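Here is the structure we will look at.
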Amino acid sequence: MKNSVKASVGIITGSGFDAFFKQAEAVRVDTPFGDPAPISITDIAGRKVAILARHGSNHGNPPHRINYRANIFTMYILGVKQILATNAVGAINRKLKPGKLVVPHDFVDFTKLRHNTFYDSAPVIHIDMSEPYCPEIRRALVLASEKHSEDICKKAVLVCTEGPRFETPAEISLFRSLACDIVGMTSLPEVVLARELSICYASLCCVSNMASGLQPAQGVDDLTMVADRKRVAMEQVLKEAISLLPSLRSCICATAVKDTTLQRLERYAKGIPFNNRRLQSL
Ligand code: HPA
């Protein structure tokens, strides 16, 4: 593994955040999990930032086919310690309306078919999820939104569905009864995989629609229109948030994994041959 390019912050976006990529330099990274989405490095607020559009170029990769492990492992190899993600979501909580920005603090995982861990074999690792989204990045996102006069919901439970279809009204009623506020298809397993590598992760969500059963059926174009309208504001918030991130982390995520497995992954990131047969065959 030859990779001398480094970044300390990562941004994982949905589609359309092209402005970030304009001045950025494309880099290629190999991972034991296959190919990541195209990734580039740029400078924001004095930090080296790795940016990745999870659906690939031209939105070619649907949520259930994204190689989440390759994407997060790429960030890890580049040295990223803090990831800011964006996600489009539907509102389950009726108080949230299209165009609202939301910073979730917790999730419910209703995905079904995704590779959702780096720890598939011995040693057995059960990562703590009592505070799944990084409190330090969430704080930076909230402060940055307020600074840009963006109306922000500071706390919400996100439910992640498998997709690519939207939910039924009955599913949304169920999720509401489980105290979920927003529904999306892409936060899981990103948030878990990041924590499994001790990388901080938080998400800036944009409500693009009321969830199924709460408004007349909408086409993807209607949802995209809301996301397009909020894109510049979201880019500004992300940039501001990066300037507010602590460079020394004191959150729970930084020390989530401290054992031989992480040391082995670190050796791989440094270019030392990778001996975990199980991981290689995945
Ligand atoms: N459901 C799931 N994912 C979504 C939605 C939704 O209503 N809106 C945007 N992403």
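For Pro98, the shell of other residues with beta-carbons less than 11 Å away shows a net charge of +3, using +1 for Lys and Arg and -1 for Asp and Glu. Taking a sphere under 12 Å around the Cβ of Ile12 and counting the other residues whose Cβ falls inside, with K and R at +1 and D and E at -1, yields a net charge of 0. By the rule of a second cysteine Cβ within less than 4.7 angstrom, the chain holds isolated cysteines at Cys153, Cys160, Cys180, Cys205, Cys206, Cys251. With contacts taken as Cα pairs under 8 Å and at least 6 residues apart, the range 9-272 reaches a relative contact order of 26 percent. Other residues whose C-beta falls under 11 angstrom from the C-beta of Gly56 contribute a net charge of +1, scoring Lys and Arg +1 and Asp and Glu -1. Zone of Ala233 (label point 7 Å along Cα→Cβ, backbone N under 14 Å): which residues in the range 146-177? Under 14 Å, as judged by backbone N against the label point of Ala233, lie 146-154 of the range 146-177. Taking Cα atoms only, the orientation of helix 220-244 departs from the longest principal axis of the chain by about 50 degrees. Here's the list of lysines a cross-link from Lys155 could span, going by alpha-carbon distance under 30 Å and ignoring same-chain residues fewer than 8 apart: Lys48, Lys81, Lys95, Lys97, Lys100, Lys112, Lys147, Lys230, Lys239, Lys258. Multiplying the residue separation of Ser121 and Ala179 by 0.36 nm and removing their Cα-Cα distance gives an extension gain of 17.6 nm.
Rolling a 1.4 angstrom probe over the protein heavy atoms with all chains in place gives the chain an accessible area of 46 Å² per residue. Accessible area per residue was computed with a 1.4 Å probe on protein heavy atoms; Lys48 scores about 100 Å². What is the helix-to-structure angle for 135-147, meaning the angle in degrees between its Cα long axis and the longest Cα principal axis of the chain, kept from 0 to 90 and rounded to the nearest 10? With rounding to tens, the tilt is 50 degrees. Relative to the longest principal Cα axis of the chain, at what angle does helix 260-269 sit, 0 to 90 degrees, rounded to 10? Result, in degrees: 90. Of the peptides 19-31, 156-168, the order by per-residue mean of other Cβ atoms within 10 Å, starting with the highest, comes out as 156-168, 19-31. What part of the accessible area of the chain, given as a whole %, is carbon or sulfur when the probe is 1.4 angstrom? So the carbon and sulfur contribution to the accessible surface is 52 percent. Diffusion coefficient (Stokes-Einstein, Kirkwood radius over C-alpha pairs, 10 °C, 1.306 mPa s) for the range 1-47: 131 µm²/s, rounded to a whole number.
Anyone know which of Asp35, Asp221, Asp151 comes out most mobile in the 10 Å Cα GNM of the chain? Of the options given, Asp221 has the highest mean-square fluctuation. What the Kirkwood sum gives for the chain is a hydrodynamic radius of 19.0 Å, with every pair of different alpha carbons counted.
Classify the range 216-255 from the C-alpha gyration tensor, please: rounded if a/c falls under 1.5, else prolate or oblate depending on whether a/b exceeds b/c. Judged from the Cα gyration tensor, the range 216-255 comes out oblate (a/c at least 1.5, b/c at or above a/b).
The values are calculated or read from the model by the stated rules, or taken from the named source; none is laboratory data. Owing to the predicted nature of the structure, the values given are computational and were not obtained by experimental measurement. No Cβ is skipped: glycine too gets one built from the backbone with ideal geometry, and neighbour counts run over all protein chains shown. The area values use the complete protein model at the heavy-atom level, side chains included, leaving out ligands, DNA and RNA. Shrake-Rupley method; radii C 1.70, N 1.55, O 1.52, S 1.80 Å.
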